[in-house]
Amino acid sequence: MNSTLPDANRDAPQDGCLSPGSLSSRTIKSVNRQAHLQLADEQRQAMIENFDMEVEDKIRSMRAQHEADKMDLVLKADCDIAQLPKCVREMPLLTFLRDYGGDVAAAVRGVLKIDDKGRDSMVPLPETPFVIRARRKVATKST
């Protein structure tokens, strides 16, 4: 039955689809290139979406770490302030910095009205956390 059909109709598909034998090599290359470009576009889009998700996750992680660091810093500052003598803690910061140059021992002397000459040896002044840490560092370096 197919032998009676003309050559042009013999190569034509029966269901309306093109068969590989009816396409030229140029058409096949063009279709393959288009399919490859479409696949590459889909891969690029998927990579971009994946990258966006990773960036958002990293941002969330960094914000959480920032909050934790901020709370830790505030806690450390509160602990250091709590270790200061009460007379220095209650002093206005501007007075502490301007009149005593940020020196805790000098502020205590000023509040208690202790002069630097005679009575300093009679009244022991509390050590500040900074002085304690500095002495520990010197002690560990010498050992």
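Assorted remarks:
- Selection from the range 40-70 of residues that are β-branched (V, I, T) and open to solvent by less than 80 Å² (accessible area, probe 1.4 Å): V55, I59
- Within the range 81-118, being more than 18 Å from P129 (Cβ to Cβ), open to solvent by 60 Å² or more (accessible area, probe 1.4 Å), in a helix (DSSP H, G or I) and not hydrophobic (A, V, I, L, M, F, W, C) holds for R98, D99.
- When restricted to residues that are open to solvent by less than 90 Å² (accessible area, probe 1.4 Å) and at pLDDT 70 or above, the range 25-36 contains 5.
- Against the numbered list (1) at pLDDT 85 or above; (2) acidic (D, E); (3) not in a helix (DSSP H, G or I), D78 comes up short only at (3).
The values are calculated or read from the model by the stated rules, or taken from the named source; none is laboratory data. This one's a predicted model, so the numbers in the text were calculated from it and none came from an experiment. Positions of Cβ are generated from backbone atoms using ideal geometry, with glycine treated the same way; all protein chains shown enter the neighbour counts. For accessibility, only protein heavy atoms count, side chains too; no ligands or nucleic acids. Shrake-Rupley method; radii C 1.70, N 1.55, O 1.52, S 1.80 Å.
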